[in-house]
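These notes are about the structure you will find just below.
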Amino acid sequence: MLRSKYIIAGLLLMIGLLYAGDSLTLEIDSEIYDVSQQIQESVKWWEESAVSDGRLQATLHLQSIKRNDISGSIHLVWSNSYSETVSIDSVVFVGTNQLSNRIIGRIGSPFVERPASATTLAEVHTRLTNYPFLELSDIPSYGRYGDESIALVIPVRSRFNNSFSGIVGYRPDGDRKGRFTGDLSIRLGNLFGSATTTELNWNSKDERSQDLVFKEVIPFLGPFDSGAQFGFSQSLQDGLFLRRQADVALTSVFSRFGTLSAGISKAATTATDLGVESGIEGYSTRSITLRQELDRRNHSYLSTSGFSLDSRMDIGDLRSEDNKSRLLAMVSAKGELVKPLTGPWSGSLTTSVGRSAIVGGGLVPEGEKFRYGGAATLRGYQEKIFRSDWMVIQQFELRYQLGNTVRLYSFLDGAQHSFPERPLAVGIGLRQTTVLGLLTVEYAVNKESRPSEGKIHIRISGEIK
């Protein structure tokens, strides 16, 4: 009987809270509960709910209090003097002076006139994550100024750390002399105070294969909330053909979906003398491109949780040298999921997928196929040794955090593609922060090779002062 009494009293208390609306009504059995404690907890619950809903100026006024002569419980009713949602009047960024007022205003403008609620505070973090040059340095909050004006205060720090990343690979050859491969990336941020980002990447597989990529990202164009990006790339593949491509796109940042972009690209592929002898023909493409970039990892290099996604779709006209036109479609995506396991252990799964096809049937040209293998995709294999019109690559890492500066890990890389063979490689690696930057050393061997034929990759990533 006593247990049933507790249950009924608890239900009465919950009903009073759930159906209170803008007011607060309580029914408290004084024989079971401490009346003072229940009143304090209920009022605190109501105030927290009001703040979460953005009703920052809401206050309670006790309207009535009386005892039920039959049950002996106490009945209390409060009224709410101000229940309207308060909107944000202005946004204040604290902690950075590297950005102009125009740029700061564009970043903060989506929050103006939004409810000053807990939901809006959560969106601040997800939206700022999509700007690589800014990060939160503390928890955002609201500040009151004037009589009823509310400011959203966002503590940030800028991340215009000009950086470089270089990787050197070594692979043994049949003559046992070996061969070095290279990959160099340079990133420059906030040139001329415009918050732009400039990226340059150079990759060399051997003397017959080199890639050069240039990319410029402008977060805001004049008075618009949208930005732009444009780039140029040149690729020489196996001494067979040279491919040049130019891209331009409009970009926009969203809290939930990351950075979305839409634009056009134009490319021309020219066969070399060796390529002509091998039966390769030149062609050109004009395409519409759509892209999404989303990064929710807690760190770019040493992340222990979160996920990232980079996807792209190209569809357009492929025109051969004899002026024949065909419809070319390409879809690709790369995602990483990082999860903490137990203690210092964490795991990472990276999946890359791609499909290139001629709509209506036909062979995909060599320059439009995916090329993979090597340090970035299938460790343990030669750089870009595979090429296919579709592929699925999966990379798994089991990581162990040793202190704050060292991470040891083992990895397994595998792929499926249009060929019967299934590439598979295993290896071990080390990442350590040094005075020069983040040092990564990896050793990998594929299933067809002996341990002595394994590949070694060394990468150094750091800042340019």
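The values are calculated or read from the model by the stated rules, or taken from the named source; none is laboratory data. What you see is a predicted model, and the numbers here were worked out from it, not measured in a lab. FYI the Cβ positions are ideal-geometry reconstructions off the backbone, even for glycines, and counts take in every protein chain you see. All accessible areas refer to the heavy atoms of the entire protein, side chains included, with ligands and DNA or RNA removed. Shrake-Rupley method; radii C 1.70, N 1.55, O 1.52, S 1.80 Å.
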* Structure fact -> XL table Lys215/Lys455; Lys324/Lys384; Lys384/Lys455; Cα-Cα > 23 Å flagged, in table order, is Lys215/Lys455; Lys324/Lys384
* If Met391, Met330 are ordered by their accessible area, calculated over protein heavy atoms with a 1.4 Å probe, which sequence runs from highest to lowest? -> Met330, Met391
* **Percent of Cα-Cα distances greater than 20 Å, calculated over the stretch 292-415** => 54
* Asked: In the stretch 110-164, what percent of the accessible surface is made up of carbon and sulfur (1.4 Å probe, ligands and nucleic acids excluded)?
  -> 49
* Pull out the extension gain between Ser311 and Asn97, defined as 0.36 nm times the separation in residues minus the alpha carbon to alpha carbon distance; nm, one decimal. => 73.7 nm
* Asked: What does the accessible area of Arg159 come to, in Å² to the nearest 10, when a probe of 1.4 Å is used?
  -> 100
* Structure fact -> Put His417, His299 in order of accessible area, largest first, probe 1.4 Å, and you get His299, His417
* How long are the three semi-axes of the equivalent ellipsoid for the stretch 377-449, computed from the Cα gyration tensor as the root of 5 times each eigenvalue, in whole Å, largest first? -> 28, 12, 10
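What is the packing order of peptides 212-224, 367-379, taking the mean over residues of other C-beta atoms within 10 Å and listing the highest first?
Per-residue Cβ counts within 10 Å, averaged per peptide and sorted highest first, yield 367-379, 212-224.
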* Accessible area, probe 1.4 Å, largest first, for residues Asp317, Asp413 -> Asp317, Asp413
* To do: Treating each Cα of the stretch 211-358 as an identical point scatterer and ignoring solvent, apply the Debye formula and state log10 I(q)/I(0) at q = 0.13, 0.18 Å⁻¹.
  => -0.76, -1.14
* Asked: Within the P(r) computed for the stretch 366-413, what percentage of the Cα pairs occupies the region above 15 Å?
  -> 56
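Using only the Cα atoms of the stretch 256-305, construct the convex hull and provide its projected area averaged over every direction, in square nanometres to one decimal.
6.5
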